[in-house]
1. I'd like to verify a number: residues in the stretch 92-107 that are crowded, with 24+ Cβ neighbours inside 10 Å and either farther than 16 Å from residue 80 by Cα or touching a residue at least 40 places away in the same chain (Cβ under 8 Å) (or both), how many?
2. Could you check residue 42 against (1) out of contact with any helix residue (DSSP H, G or I) (no Cβ under 8 Å at 6 or more places or on another chain); (2) assigned to a helix (DSSP H, G or I) and say which number it fails?
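Nothing in this text is a laboratory measurement; each read-out follows from the coordinates by a stated rule. All values derive from a computational prediction rather than experimental measurement. Counting neighbours? That spans all protein chains shown, and the Cβs are built from the backbone with ideal geometry, glycine included.
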């Protein structure tokens with residue numbers, strides 16, 4: 001007997017839409033973080049004038065892309081696991097956080113301890129945030 005599928009409106013937006021939304025939102029957070037930290041680092045490095053502006057712009061762009069990729073990958077995995085398991089619970093967030101954390105850590109370090117530690121950290125943060133997130137996505141209040 002096939003499992004009952006959720007109606008389109010109850011399932012929420014498609015996974016691609018959720019991933020793009022997360023990419024844009026986290027990308028904007030990355031721009032903000034990159035602008036502030038780039039400005040701070042530029043002063044610390046001694047940049048002035050046009051060199052400082054270019055340094056800040058590169059920092060904002062680099063952070064925007066990195067944060068956006070992380071957010072999009074996490075939300076895409078979370079939504080994909082939700083569709084695969086046909087459940088919306090903390091297990092999806094935990095697994096997606098661990099996989100995304102391992103991907104991020106493996107780009108920076110080849111140490112198995114660091115990859116495992118980062119995966120565990122991201123998994124625990126994602127699991128905790130699942131309990132704080134509204135039941136409806138996106139939270140429209142309807």
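1. From the stretch 92-107, those crowded, with 24+ Cβ neighbours inside 10 Å are 93, 96-97, 100-101; that's our starting set.
Now narrow it down to the ones that are either farther than 16 Å from residue 80 by Cα or touching a residue at least 40 places away in the same chain (Cβ under 8 Å) (or both): 101.
Count: 1.
2. Every listed condition holds for residue 42 apart from (1).
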